[in-house]
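Since the structure comes first, as structure tokens, the remarks are kept for the end.
Laboratory data are not the source of any read-out in this text; all were calculated from the coordinates shown. These numbers come from a predicted model, not from an experiment.
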Amino acid sequence: MLEARPPAKVNLTLDVLGRRNDGYHELRSTFLRVGLSDRLTMDLGAGPGDRLTVTGLAGAPTEGNLVLTALDALRRHVAAELPPIDVTLDKRIPAAAGLGGGSSDAASALKLACECWGIALAPAEELTLAASLGSDVPFFAHDVPVATINGRGEHVSPIAAPDDDIGGLLLVTPPISLSTAAVFERFDDLPMRLDEDRLRDANDLWPAAASLEPSLPRLREELERATSVPWLMSGSGPTLFAIYPSVEEASAAGRSLVESRLPELESAILNAVDLIGPDPNWRHP
Ligand code: C5P
């Protein structure tokens, strides 16, 4: 049995540079891999088709899961009869949360299936397949700790590891569902903001997400008040995160937030992570 631990990411910055003719948006973003991972296993199966079992956190689909799409894409790419695979996916990264979990699962699935089938892809082939699966998948296919991404997400430039200021992060994922497509659509509908407004936030998608889901700005205000540090949104949300000098401090901040019983934190998932992982230092529940 082959095993991988697909990691999550946060976006330290996210600039939307414009809308393209194909409906996607031109982005510039800094992706940071964080120590919170799903668990993916693969084995040759009895068939007739690939089989996927999903366990762990709710919210990730079985049918239509990007992991199965990745296997199909790989089969089509090599245009050969390849035996069915049994896959297990244990979800520990909240799904549809702005943490890239599904994209990371897909990138790991490509690598693991190649190993299972004894296929070697050229890096450029792997990246093309990755980009066909989703905008965030190429970052994870590169398997680097931090990178600047451009285009729709397909241009990945690894950069030096962030300075020691980022020892840990506290991730707060409220039980809100925000579709990435809906957030980009709202971004297009919102009036152009002044540059001054844009500079106030590291994530251009924040006003769009906040206007779709008014509980999100309330949560952010409460988190900033309770912790006295700035909070940012990852990707198209709804996960908010704060940076700490160490993972111990991130964990302590998480514990005291849970103790404070803020109504805005009801049913939220908290993870205190370092940049190595694969598992968080502390989590709630
Ligand atoms: O590429 P992915 O399937 O993850 O994107 C989901 C949706 O998010 C797209 O259908 C599109 O509406 C929006 N999107 C975008 N520009 C990007 C990435 C995603 O408009 N660069």
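Counting only alpha carbon atoms, the long axis of helix 101-117 and the longest principal axis of the chain meet at about 20°.
Compared with the dominant principal axis of the Cα atoms in the chain, helix 123-133 is inclined by about 60°. Largest first and in whole Å, the equivalent-ellipsoid semi-axes of the chain read 32, 22, 17, each the square root of five times a Cα gyration tensor eigenvalue. Computed over Cα pairs, the Kirkwood radius of the stretch 187-285 leads via Stokes-Einstein (0.890 mPa s, 25 °C) to a diffusion coefficient of 167 µm² per second.
Given the stretch 73-173, report the % of alpha carbon pairs whose separation exceeds 18 Å. Before the final figure, lay out the partial values.
Working: 2779 of 5050 pairs.
In whole percent, the long-distance tail amounts to 55.
In nm², what is the average projected area of the convex hull enclosing the Cα atoms of the stretch 1-160?
On the way: hull surface 38.1 nm².
Hull-based average projected area comes out at 9.5 nm².
Ordered from longest to shortest, the equivalent ellipsoid semi-axes for the stretch 117-187 are 25, 21, 13 Å, each the square root of 5 times a Cα gyration tensor eigenvalue. Computed from Cα positions, the angle between helix 215-227 and the longest principal axis of the chain comes to roughly 70 degrees.
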